[in-house]
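Have a look at the structure below, then the notes.
The values are calculated or read from the model by the stated rules, or taken from the named source; none is laboratory data. None of these values were measured; they are calculated from a predicted model. As a convention, Cβ positions derive from the backbone with ideal geometry for all residues, glycine included, and neighbour counts pool all protein chains shown. Remember, those area values only see protein heavy atoms, side chains included, never the ligands or the DNA or RNA. Shrake-Rupley method; radii C 1.70, N 1.55, O 1.52, S 1.80 Å.
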Amino acid sequence: MSDRLSGNEAVAYALKQINPDVMGAFPITPSTEIPEYFAQYVADGEVNTEYVTVESEHSSMSVCIAAQAAGARAVCATSSAGLALMYELLYIAASCRLPVTLACVNRALSGPININNDHSDSMGARDTGWIQIYAENNQEAYDNFLMAMPIGETPSVRLPVMTCMDGFITSHAVENIELLETEVVRKFIGEYNPENYLLKKENPLAVGPYDVSPYYMEHKVLEAEAMKAAKARILEVATEFEKISGRRYGLFEEYRMEDAELALVLIGSTAGTAKAAVDKLREDGVKAGLIKIRVFRPFPGEELARALANTKAVAVMDKSEGFSANGGPLFAETRSALYDLKERPYLIDIVYGLGGRDVKTEDIEKVFGRLANIAATGEIGPVYTHMGQRSKEENA
Amino acid sequence: MSTVYNLKREVEKPARFTGGHRLCAGCGAGIVVSGVLRALDNEDRAVVVNATSCLEVSTFMYPYTAYMDSYIHSAFENSAATCSGVEAAYHALKRRGKVEGTVKFITFGGDGGTYDIGFQSLSGAMERGHDMVYVCYDNEAYMNTGIQRSSSTPHFARTTTTPVGSVGQGKKQNKKDLTEILVAHNIPYAAQAAPIGNFKDLHTKSYKAIYTEGPCFLNVLSPCPRGWDYPTEKLAEIARLAVDTCVWPLYEVEEGVWRLTYIPKKKLPVEDFLRPQGRFRHMFEKGNEWMLEEAQAYVDQKWERLLERTGA
Ligand SMILES: Cc1ncc(C[n+]2csc(CCOP(=O)(O)OP(=O)(O)O)c2C)c(N)n1
Ligand code: SF4
Ligand SMILES: [Mg+2]
């Protein structure tokens with residue numbers, strides 16, 4: 001069925017259809033609406049979830065971890081500082097192999113405090129052991145959330161899943177969206193029946209040991225293996241999802257990449273703007289293309305290298321800083337992925353859009369202009385730059 | 001359960017907290033945990049929640065657990081929220097016909113994990129009203145990391161972050177009164193207990209806390225021979241002195257009604273509790289008599305207030 005929903009409404013609606021066992025709820029802009037909409041579903045008796053109105057995101061994630069360990073399906077939503085407050089617990093959820101689901105509505109991190117979109121919150125959590133799936137628009141936010149549990153709960157994976165969408169741009173903008181029937185969703189998600197859980201009568205369980213050196217490393221290797229296994233599972237679930245929705249998903253989306261010589265690699269809603277720029281350049285005969293990363297964890301390194309193998313120059317666009325003094329996190333992953341290619345394209349990194357700084361079609365076209373120049377001259381210039389900030393003179 | 005306490009009968013119950021853990025000899029924590037868990041009726045299951053602490057690292061070192069019931073440790077600062085999550089899952093799964101029988105939820109946190117870093121999580125869980133018991137085993141410092149002060153450490157006590165020196169006199173501040181703060185949450189049951197005598201005090205309060213619906217809180221004094229610096233065999237004696245000097249009064253607050261559960265026949269001077277412990281040794285040096293006087297005055301004042309409140 002078709003509807004018009006904001007990204008937050010779409011995720012809340014997915015949650016209603018799933019009817020999870022436990023939800024931890026705490027407000028932070030721009031994800032606040034998700035627990036708000038859901039509270040109304042609870043109040044109206046449309047779901048019978050145990051809705052726990054915690055006193056912090058720290059407790060929200062703690063509740064989710066414990067509830068999932070107890071045998072329940074647990075969910076929460078957050079942004080920015082909320083995700084940062086969960087930092088330690090994100091590791092605990094993943095290492096206890098608890099497939100909690102979290103809707104991250106991406107927002108800049110302090111300081112200074114800023115409520116608008118960039119990816120510094122979820123990028124800061126990229127090494128916590130969570131699967132991360134990013135949406136370009138409301139439809140993808142809805143679809144990704146529905147795919148999260150079948151991915152995370154698979155015995156070979158058993159990892160928590162963070163589905164991300166861009167704050168305000170996606171979370172608050174109303175768009176046309178195709179929703180699945182609730183029965184179809186429930187059948188697709190299935191029951192959560194873990195093998196072991198705290199409340200299992202026949203077999204008590206102990207979770208969260210003090211792990212000493214003779215065991216810790218083995219446990220971490222198992223976790224790493226699970227993250228590797230997640231890649232195949234993500235694709236499997238995408239295939240199943242296509243059958244019920246007609247919508248196709250991969251680890252990333254390739255837009256006009258068949259013969260592309262100049263390409264962008266980026267994440268999230270900017271893909272919409274970038275697609276418009278690619279179309280325009282294609283009309284002018286420029287062989288431009290785009291790769292929109294959907295799955296950042298596990299990172300599709302080999303697949304990305306293959307997709308970029310025949311390009312001449314590539315710009316990675318990072319919507320978070322990272323402060324490595326060596327480029328943003330998406331750049332680091334992409335550059336590392338390309339290393340194994342015999343012939344590598346020129347590669348630059350552009351950090352953009354921090355704290356909600358707008359990016360327009362013309363900005364993207366300029367990036368392609370730079371790439372065209374690099375491809376033609378072989379002069380790469382500065383590898384890592386920022387885009388969209390005022391110059392020093394303008395600031396003065 | 002019969003209401004008359006019988007230590008022999010209680011001890012004969014199948015143990016839920018087993019030996020073989022790695023707590024120091026003479027540690028109060030293990031005694032507190034077994035005392036609390038023994039109050040569970042045999043037919044009831046429990047999920048035990050634990051904050052990072054001496055207790056946690058000593059009782060669930062992979063791959064061995066000392067608990068017969070299900071157990072979860074998540075972090076240092078979130079044990080009450082963790083317990084909330086398990087309890088929430090229980091209600092959700094029960095509603096959906098996926099869990100049967102009675103399950104009780106009992107959390108153990110040290111004073112650091114309760115008075116300090118886990119305080120917000122505890123306050124939140126109590127306010128939300130989860131059906132759970134939070135037990136603080138109070139050994140008055142961060143023992144697991146090597147005896148650092150907490151807000152539960154008493155005035156003048158020497159810890160590794162409140163050392164005694166030419167200027168330093170041990171901890172500068174008084175102990176936070178956490179039990180009173182929990183009472184102010186208007187929870188159905190809060191009590192202060194200690195592992196003394198035949199454990200009747202701890203048992204009775206544990207039973208009430210476990211079988212009273214809603215959030216309940218127990219603050220149990222848990223002597224630590226290492227951190228308090230006294231001979232391991234003196235556990236019972238030290239706990240007894242804490243109670244008889246009124247340094248650690250035993251009382252309970254049930255639905256807002258305060259009641260002393262033990263009144264010393266003869267209130268002993270605070271010195272008697274302080275003297276056997278190395279952490280207070282400097283208080284007995286010449287010229288430091290004022291410390292003993294201050295400590296006594298503080299205990300007297302708190303005790304008077306408690307007598308007023310309990311109408312004793
Ligand atoms: C967030 C965090 N900070 C610090 C620590 C280190 N730490 C582990 S246990 C502990 C002290 C525990 O003290 P308490 O709660 O009083 O329990 P005890 O060990 O004294 O029984 C500390 C500081 C930690 N594990 N996590
Ligand atoms: S240091 Fe103290 S609290 Fe920790 S195990 Fe030893 S006696 Fe118990
Ligand atoms: Mg302690």
Residues in region B:219-238 that are within 15 Å of ligand 3 (Cβ to nearest atom) and farther than 21 Å from B:Q148 by Cα: how many? 0
Return the only residue of B:R45, B:R22, B:R9 being charged (D, E, K, R), within 16 Å of ligand 2 (Cβ to nearest atom) and open to solvent by 40 Å² or more (accessible area, probe 1.4 Å). B:R22
Looking at (1) within 21 Å of A:Y13 (Cα to Cα); (2) more than 9 Å from chain B (Cβ to nearest Cβ); (3) touching a Lys or Arg at 6+ places or on another chain (Cβ under 8 Å), which one does A:N116 not meet, given that it meets all the others? (1)
Report, ordered by the first and then the second residue, all pairs with beta carbons closer than 7 Å, sequence separation of six or more or different chains, a first member in region B:110-121 that is away from every other protein chain (no Cβ under 14 Å), and a second member that is part of a helix (DSSP H, G or I) and more than 8 Å from ligand 1 (Cβ to nearest atom). B:T114/B:L122; B:T114/B:L178; B:Y115/B:L178
Answer from B:A312, B:A297 - the residue that is at pLDDT below 95 and more than 23 Å from B:I31 (Cα to Cα): B:A312
Here, strands (runs of 3 or more DSSP E) confined to region A:1-113 with at least 1 residues that are of a type in the set (D, E, K, R) and within 14 Å of another protein chain (Cβ to nearest Cβ) are A:50-53
Taking the stated definitions as given, is B:K175 over 23 Å from B:N6 (Cβ atoms), in a loop (DSSP other than H, G, I, E, B), within 16 Å of ligand 1 (Cβ to nearest atom) and basic (K, R)? yes
Starting from residues that are within 16 Å of ligand 2 (Cβ to nearest atom) and within 8 Å of chain A (Cβ to nearest Cβ), keep the ones in region B:59-72 and report whichever is farthest from B:N6 (Cα to Cα). B:M61
Please tell me if A:G7 is farther than 30 Å from B:R45 by Cβ, buried (at least 24 other Cβ atoms within 10 Å of the Cβ) and under 21 Å from the mean Cα position of the chain (by Cα). yes
I'd like to know if region B:83-90 contains one or more residues that are in contact with a strand residue (DSSP E or B) (Cβ under 8 Å, 6 or more places away or on another chain), farther than 24 Å from A:V47 by Cα and surrounded by 24 or more Cβ atoms within 10 Å (Cβ to Cβ). no
In region B:122-149, how many are in contact (Cβ under 8 Å) with a residue 40 or more places away in the chain, closer than 30 Å to B:M291 by Cα and in a loop (DSSP other than H, G, I, E, B)? 6
Would you check if A:A74 is in contact with a strand residue (DSSP E or B) (Cβ under 8 Å, 6 or more places away or on another chain), closer than 26 Å to B:I117 by Cβ and open to solvent by less than 10 Å² (accessible area, probe 1.4 Å)? yes
For region A:174-202, how many residues are touching a helix residue (DSSP H, G or I) at 6+ places or on another chain (Cβ under 6 Å), surrounded by fewer than 18 Cβ atoms within 10 Å (Cβ to Cβ) and either acidic (D, E) or within 14 Å of another protein chain (Cβ to nearest Cβ) (or both)? 1
Failed criterion for B:M132 (all others in (1) closer than 16 Å to B:F217 by Cα; (2) of a type in the set (A, V, I, L, M); (3) within 16 Å of ligand 1 (Cβ to nearest atom) hold): (3)
Does any residue in region B:87-102 that is at the interface with chain A (Cβ under 7 Å from one of its Cβ atoms) come within less than 7 Å, Cβ to Cβ, of a residue that is surrounded by 24 or more Cβ atoms within 10 Å (Cβ to Cβ) and of a type in the set (D, E, K, R) six or more places away or on a different chain, and which pairs are these? B:A88/A:E50; B:A89/A:D21; B:H91/A:E50; B:A92/A:D21; B:A92/A:E50; B:L93/A:D21
Within region B:42-58, restricting to residues that are more than 9 Å from chain A (Cβ to nearest Cβ) and free of Cβ contacts under 8 Å to residues at least 60 places away in the same chain, the one that is nearest to the chain's Cα centre (by Cα) is B:N42
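Run down A:P214, A:P150 and say which single residue is in a helix (DSSP H, G or I), more than 30 Å from B:E87 (Cβ to Cβ) and modelled with pLDDT of 95 or more.
On inspection, the qualifying residue turns out to be A:P214.
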